[in-house]
Amino acid sequence: MRIEPLLSAVPLAPVRTLIELYAIALDLTQKATRQYSVLATQTDERFRPVRGVFEVLAAREHERCESLSAAGLAACGKLADASDLRWAPIDLVPAAEIADIGDSSLSTPYTAWALAARHRQRAFVFWTYVIALAEDPLVRRTAEELAHEALLDGNLLRRERRLAWRAERQATADDAVPTGIGSGEPASAALLESLLLRDIIAWSHELAPAQRAALMTLDPSRLPPHLLMQPDENDAGPASGGLDQIKHRALRRAEQLSNIYLEDADSAMDQNSMELAQKLAAQSIMRLAGLRHLASESGLR
(Lines give C-alpha, C1' and ligand atoms only; values in the text may rest on other atoms or scores of the structure.)
Protein backbone atom coordinates (compact mmCIF):
# COMPACT_ATOMS: atom_id res chain seq x y z
CA MET A 1 0.00 0.00 0.00
CA ARG A 2 1.03 3.60 -0.51
CA ILE A 3 2.26 5.31 2.62
CA GLU A 4 0.65 8.72 2.93
CA PRO A 5 0.13 11.07 5.88
CA LEU A 6 -3.33 10.72 7.35
CA LEU A 7 -3.81 14.48 7.64
CA SER A 8 -3.00 16.91 4.86
CA ALA A 9 -2.91 19.73 7.44
CA VAL A 10 -3.13 19.99 11.23
CA PRO A 11 -5.55 22.30 13.09
CA LEU A 12 -4.59 25.91 12.43
CA ALA A 13 -5.07 27.16 15.99
CA PRO A 14 -6.21 26.00 19.44
CA VAL A 15 -9.94 25.51 19.91
CA ARG A 16 -10.86 28.02 22.59
CA THR A 17 -14.53 27.46 23.33
CA LEU A 18 -16.96 24.57 23.50
CA ILE A 19 -19.29 26.09 20.91
CA GLU A 20 -16.33 26.38 18.51
CA LEU A 21 -15.52 22.71 19.12
CA TYR A 22 -19.07 21.64 18.29
CA ALA A 23 -19.08 23.86 15.20
CA ILE A 24 -15.89 22.12 13.97
CA ALA A 25 -17.31 18.67 14.70
CA LEU A 26 -20.54 19.51 12.87
CA ASP A 27 -18.67 20.95 9.88
CA LEU A 28 -16.56 17.77 9.55
CA THR A 29 -19.60 15.50 9.88
CA GLN A 30 -21.74 17.49 7.44
CA LYS A 31 -18.95 17.29 4.85
CA ALA A 32 -18.69 13.53 5.36
CA THR A 33 -22.47 13.18 4.97
CA ARG A 34 -22.41 15.10 1.68
CA GLN A 35 -19.44 13.18 0.30
CA TYR A 36 -20.82 9.74 1.16
CA SER A 37 -24.23 10.73 -0.20
CA VAL A 38 -22.63 11.36 -3.61
CA LEU A 39 -21.83 7.65 -3.92
CA ALA A 40 -24.99 6.54 -2.10
CA THR A 41 -27.01 7.96 -5.00
CA GLN A 42 -25.01 6.39 -7.85
CA THR A 43 -27.42 4.83 -10.32
CA ASP A 44 -25.01 2.55 -12.20
CA GLU A 45 -26.24 -0.99 -11.51
CA ARG A 46 -22.68 -2.34 -11.49
CA PHE A 47 -21.95 -0.04 -8.55
CA ARG A 48 -24.89 -1.39 -6.52
CA PRO A 49 -22.89 -3.46 -3.94
CA VAL A 50 -20.62 -0.48 -3.24
CA ARG A 51 -23.54 1.95 -3.23
CA GLY A 52 -25.10 -0.05 -0.40
CA VAL A 53 -22.03 0.57 1.77
CA PHE A 54 -22.17 4.30 1.17
CA GLU A 55 -25.89 4.40 1.93
CA VAL A 56 -25.02 3.00 5.37
CA LEU A 57 -22.11 5.42 5.80
CA ALA A 58 -24.17 8.46 4.78
CA ALA A 59 -26.94 7.46 7.22
CA ARG A 60 -24.40 7.03 10.04
CA GLU A 61 -22.92 10.47 9.40
CA HIS A 62 -26.40 12.02 9.26
CA GLU A 63 -27.21 10.50 12.66
CA ARG A 64 -23.89 11.83 13.97
CA CYS A 65 -24.87 15.33 12.79
CA GLU A 66 -28.13 15.15 14.72
CA SER A 67 -26.39 13.83 17.82
CA LEU A 68 -23.76 16.57 17.71
CA SER A 69 -26.38 19.28 17.22
CA ALA A 70 -28.32 18.03 20.25
CA ALA A 71 -25.18 17.73 22.39
CA GLY A 72 -24.00 21.21 21.41
CA LEU A 73 -27.41 22.72 22.21
CA ALA A 74 -27.48 21.01 25.61
CA ALA A 75 -23.91 22.04 26.48
CA CYS A 76 -23.88 25.58 25.08
CA GLY A 77 -27.51 26.69 25.05
CA LYS A 78 -27.45 27.31 21.28
CA LEU A 79 -26.98 25.39 18.07
CA ALA A 80 -23.43 25.53 16.74
CA ASP A 81 -23.06 26.78 13.18
CA ALA A 82 -20.49 28.16 10.75
CA SER A 83 -20.47 31.56 12.46
CA ASP A 84 -18.79 29.94 15.46
CA LEU A 85 -15.77 28.85 13.39
CA ARG A 86 -12.56 30.88 13.63
CA TRP A 87 -10.83 28.87 10.88
CA ALA A 88 -11.97 26.44 8.21
CA PRO A 89 -11.57 22.81 9.32
CA ILE A 90 -9.80 20.50 6.88
CA ASP A 91 -11.88 17.98 4.93
CA LEU A 92 -11.43 14.53 6.47
CA VAL A 93 -13.39 12.93 3.60
CA PRO A 94 -11.85 14.60 0.52
CA ALA A 95 -13.90 14.79 -2.64
CA ALA A 96 -10.93 13.45 -4.63
CA GLU A 97 -10.97 10.18 -2.65
CA ILE A 98 -14.72 9.83 -3.17
CA ALA A 99 -14.29 10.49 -6.90
CA ASP A 100 -11.52 7.88 -7.12
CA ILE A 101 -13.67 5.11 -5.70
CA GLY A 102 -16.68 6.23 -7.76
CA ASP A 103 -14.68 6.24 -11.01
CA SER A 104 -12.87 2.97 -10.35
CA SER A 105 -14.05 -0.17 -12.08
CA LEU A 106 -12.29 -2.16 -9.33
CA SER A 107 -14.25 -0.68 -6.41
CA THR A 108 -15.81 -3.27 -4.09
CA PRO A 109 -17.51 -3.21 -0.68
CA TYR A 110 -14.09 -3.97 0.81
CA THR A 111 -12.51 -0.84 -0.70
CA ALA A 112 -15.50 1.22 0.46
CA TRP A 113 -15.26 0.01 4.06
CA ALA A 114 -11.46 0.45 3.98
CA LEU A 115 -11.87 4.04 2.84
CA ALA A 116 -14.37 4.78 5.60
CA ALA A 117 -12.11 3.20 8.23
CA ARG A 118 -9.28 5.41 7.06
CA HIS A 119 -11.51 8.49 7.32
CA ARG A 120 -12.39 7.70 10.94
CA GLN A 121 -8.74 7.03 11.72
CA ARG A 122 -8.03 10.45 10.24
CA ALA A 123 -10.71 11.94 12.51
CA PHE A 124 -9.08 10.32 15.54
CA VAL A 125 -5.72 11.87 14.64
CA PHE A 126 -7.38 15.25 14.08
CA TRP A 127 -8.98 15.23 17.53
CA THR A 128 -5.71 14.24 19.18
CA TYR A 129 -4.19 17.44 17.75
CA VAL A 130 -7.14 19.43 19.11
CA ILE A 131 -6.64 17.83 22.53
CA ALA A 132 -2.94 18.63 22.53
CA LEU A 133 -3.52 22.32 21.65
CA ALA A 134 -6.58 22.98 23.82
CA GLU A 135 -6.18 25.10 26.94
CA ASP A 136 -9.74 24.90 28.25
CA PRO A 137 -10.26 21.69 30.30
CA LEU A 138 -13.88 21.31 29.10
CA VAL A 139 -12.84 21.67 25.46
CA ARG A 140 -10.10 19.11 26.00
CA ARG A 141 -12.45 16.66 27.72
CA THR A 142 -15.08 16.93 24.97
CA ALA A 143 -12.43 16.52 22.26
CA GLU A 144 -11.24 13.37 24.06
CA GLU A 145 -14.79 12.01 23.84
CA LEU A 146 -14.88 12.75 20.11
CA ALA A 147 -11.49 11.07 19.64
CA HIS A 148 -12.70 8.02 21.57
CA GLU A 149 -15.84 7.86 19.40
CA ALA A 150 -13.71 8.03 16.23
CA LEU A 151 -11.50 5.22 17.55
CA LEU A 152 -14.48 2.97 18.31
CA ASP A 153 -16.03 3.77 14.92
CA GLY A 154 -12.76 2.90 13.23
CA ASN A 155 -12.74 -0.49 14.96
CA LEU A 156 -16.31 -1.21 13.79
CA LEU A 157 -15.48 -0.18 10.24
CA ARG A 158 -12.37 -2.34 10.19
CA ARG A 159 -14.54 -5.27 11.28
CA GLU A 160 -16.85 -4.61 8.32
CA ARG A 161 -13.78 -4.35 6.10
CA ARG A 162 -12.55 -7.77 7.25
CA LEU A 163 -15.98 -9.33 6.66
CA ALA A 164 -16.11 -7.83 3.16
CA TRP A 165 -12.60 -9.09 2.40
CA ARG A 166 -13.52 -12.61 3.46
CA ALA A 167 -16.72 -12.52 1.40
CA GLU A 168 -14.86 -11.31 -1.69
CA ARG A 169 -12.11 -13.87 -1.17
CA GLN A 170 -14.70 -16.65 -0.93
CA ALA A 171 -16.50 -15.38 -4.02
CA THR A 172 -13.22 -15.33 -5.93
CA ALA A 173 -12.45 -18.89 -4.83
CA ASP A 174 -15.93 -20.05 -5.85
CA ASP A 175 -15.59 -18.46 -9.29
CA ALA A 176 -12.05 -19.70 -9.93
CA VAL A 177 -11.70 -22.16 -12.83
CA PRO A 178 -8.22 -23.66 -13.35
CA THR A 179 -8.24 -23.44 -17.13
CA GLY A 180 -5.34 -21.06 -17.67
CA ILE A 181 -5.12 -17.48 -18.82
CA GLY A 182 -8.47 -17.36 -20.55
CA SER A 183 -10.41 -18.18 -17.34
CA GLY A 184 -9.99 -14.75 -15.69
CA GLU A 185 -8.06 -11.51 -15.55
CA PRO A 186 -4.32 -12.22 -15.52
CA ALA A 187 -2.22 -10.79 -12.70
CA SER A 188 1.00 -10.55 -14.74
CA ALA A 189 1.86 -6.94 -15.63
CA ALA A 190 3.58 -8.12 -18.81
CA LEU A 191 0.52 -10.02 -20.01
CA LEU A 192 -1.85 -7.25 -18.95
CA GLU A 193 0.18 -4.74 -20.97
CA SER A 194 -0.06 -6.95 -24.07
CA LEU A 195 -3.79 -7.53 -23.62
CA LEU A 196 -4.35 -3.82 -23.04
CA LEU A 197 -2.50 -3.06 -26.28
CA ARG A 198 -4.88 -5.38 -28.16
CA ASP A 199 -7.87 -3.62 -26.60
CA ILE A 200 -6.50 -0.19 -27.49
CA ILE A 201 -5.93 -1.24 -31.12
CA ALA A 202 -9.46 -2.70 -31.34
CA TRP A 203 -10.88 0.47 -29.75
CA SER A 204 -8.97 2.70 -32.18
CA HIS A 205 -10.59 1.04 -35.21
CA GLU A 206 -13.94 2.54 -34.16
CA LEU A 207 -12.70 6.13 -33.80
CA ALA A 208 -12.36 9.15 -36.03
CA PRO A 209 -8.76 9.85 -37.15
CA ALA A 210 -8.10 12.58 -34.55
CA GLN A 211 -9.39 10.46 -31.67
CA ARG A 212 -7.56 7.41 -33.02
CA ALA A 213 -4.29 9.33 -33.00
CA ALA A 214 -4.90 10.48 -29.40
CA LEU A 215 -5.73 6.95 -28.29
CA MET A 216 -2.67 5.39 -29.88
CA THR A 217 -0.38 7.75 -27.97
CA LEU A 218 -1.58 5.90 -24.88
CA ASP A 219 -0.58 2.43 -26.01
CA PRO A 220 2.03 0.48 -23.98
CA SER A 221 4.26 -0.33 -26.96
CA ARG A 222 6.94 2.12 -25.81
CA LEU A 223 7.64 -0.03 -22.77
CA PRO A 224 10.82 -2.17 -22.63
CA PRO A 225 10.30 -5.37 -24.65
CA HIS A 226 10.60 -7.58 -21.56
CA LEU A 227 7.46 -5.93 -20.15
CA LEU A 228 5.38 -7.17 -23.06
CA MET A 229 4.52 -10.78 -23.82
CA GLN A 230 2.19 -12.58 -26.16
CA PRO A 231 -1.01 -14.07 -24.73
CA ASP A 232 -1.34 -17.83 -24.68
CA GLU A 233 -2.79 -19.29 -27.87
CA ASN A 234 -5.69 -20.61 -25.81
CA ASP A 235 -6.64 -17.09 -24.66
CA ALA A 236 -10.23 -16.42 -25.69
CA GLY A 237 -9.62 -13.37 -27.85
CA PRO A 238 -8.65 -10.45 -25.57
CA ALA A 239 -9.96 -7.91 -28.09
CA SER A 240 -13.25 -9.68 -28.65
CA GLY A 241 -16.66 -8.22 -27.83
CA GLY A 242 -18.53 -5.03 -28.62
CA LEU A 243 -16.99 -1.58 -28.41
CA ASP A 244 -18.36 -0.78 -24.94
CA GLN A 245 -17.09 -4.12 -23.66
CA ILE A 246 -13.63 -3.41 -25.09
CA LYS A 247 -13.60 0.05 -23.48
CA HIS A 248 -14.64 -1.27 -20.07
CA ARG A 249 -12.02 -4.01 -20.27
CA ALA A 250 -9.29 -1.57 -21.32
CA LEU A 251 -10.12 0.76 -18.41
CA ARG A 252 -10.12 -2.14 -15.96
CA ARG A 253 -6.78 -3.45 -17.20
CA ALA A 254 -5.24 0.03 -17.19
CA GLU A 255 -6.34 0.51 -13.58
CA GLN A 256 -5.02 -2.91 -12.58
CA LEU A 257 -1.65 -2.02 -14.08
CA SER A 258 -1.51 1.27 -12.17
CA ASN A 259 -2.16 -0.60 -8.93
CA ILE A 260 0.44 -3.26 -9.74
CA TYR A 261 3.17 -0.69 -10.46
CA LEU A 262 2.32 1.33 -7.32
CA GLU A 263 2.51 -1.82 -5.20
CA ASP A 264 5.80 -2.76 -6.86
CA ALA A 265 7.21 0.67 -5.98
CA ASP A 266 6.14 0.29 -2.35
CA SER A 267 7.65 -3.19 -2.00
CA ALA A 268 10.85 -2.58 -4.01
CA MET A 269 13.99 -3.85 -2.31
CA ASP A 270 16.46 -1.51 -4.01
CA GLN A 271 16.61 2.01 -5.42
CA ASN A 272 16.71 1.03 -9.10
CA SER A 273 13.65 -1.23 -8.83
CA MET A 274 11.75 1.45 -6.95
CA GLU A 275 12.58 4.14 -9.52
CA LEU A 276 11.54 1.91 -12.44
CA ALA A 277 8.27 0.97 -10.72
CA GLN A 278 7.57 4.63 -9.92
CA LYS A 279 8.21 5.59 -13.55
CA LEU A 280 5.90 2.85 -14.81
CA ALA A 281 3.26 3.83 -12.26
CA ALA A 282 3.37 7.47 -13.34
CA GLN A 283 3.05 6.50 -17.02
CA SER A 284 0.24 4.07 -16.22
CA ILE A 285 -1.72 6.64 -14.19
CA MET A 286 -1.44 9.18 -17.02
CA ARG A 287 -2.56 6.51 -19.49
CA LEU A 288 -5.55 5.63 -17.32
CA ALA A 289 -6.55 9.30 -17.12
CA GLY A 290 -6.30 9.60 -20.92
CA LEU A 291 -8.37 6.46 -21.48
CA ARG A 292 -11.05 7.67 -19.07
CA HIS A 293 -11.20 11.00 -20.86
CA LEU A 294 -11.62 9.36 -24.28
CA ALA A 295 -14.22 6.97 -22.89
CA SER A 296 -16.23 9.84 -21.39
CA GLU A 297 -16.10 11.73 -24.70
CA SER A 298 -17.75 8.79 -26.40
CA GLY A 299 -20.46 8.52 -23.77
CA LEU A 300 -19.23 5.41 -21.93
CA ARG A 301 -20.76 5.10 -18.47
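The values are calculated or read from the model by the stated rules, or taken from the named source; none is laboratory data. Fair warning: this is a prediction, and the values are worked out from it, not measured in the lab. Using ideal geometry, Cβ is built from the backbone for each residue, glycine included, and neighbour counts are taken over all protein chains shown.
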Q) Which of (1) within 17 Å of the chain's Cα centre (by Cα); (2) charged (D, E, K, R); (3) over 24 Å from R249 (Cα atoms) does E20 not meet, given it meets every other one? A) (1)
Q: Collect the residues in region 123-140 that are surrounded by 13 or more Cβ atoms within 10 Å (Cβ to Cβ) and not hydrophobic (A, V, I, L, M, F, W, C), keeping them in residue-number order.
A: T128, Y129, D136, R140
Q | Which listed residue, of S104, S83, is surrounded by 17 or more Cβ atoms within 10 Å (Cβ to Cβ) and of a type in the set (G, A, S) | A | S104
Q | helices (runs of 4 or more DSSP H) fully within region 1-114 counting 1 or more residues that are farther than 30 Å from R169 by Cβ and in contact with a Ser or Thr (Cβ under 8 Å, 6 or more places away or on another chain) | A | 18-40, 48-76
(Q) Six or more apart or on different chains, Cβ atoms under 9 Å: show the pairs whose first residue is in region 189-213 and modelled with pLDDT under 75 and whose second is of a type in the set (G, A, S) and not in a loop (DSSP other than H, G, I, E, B). (A) L207/A213; L207/A214; Q211/S204; R212/S204; A213/S204
Q.
When you check F126 against the structure, is it modelled with pLDDT under 95, in contact with a Ser or Thr (Cβ under 8 Å, 6 or more places away or on another chain) and of a type outside the set (S, T, Y), yes or no?
A. no
**Q.** In region 245-263, residue nearest to D103 (Cα to Cα) [restricted to those that are modelled with pLDDT of 80 or more and charged (D, E, K, R)]
**A.** R252
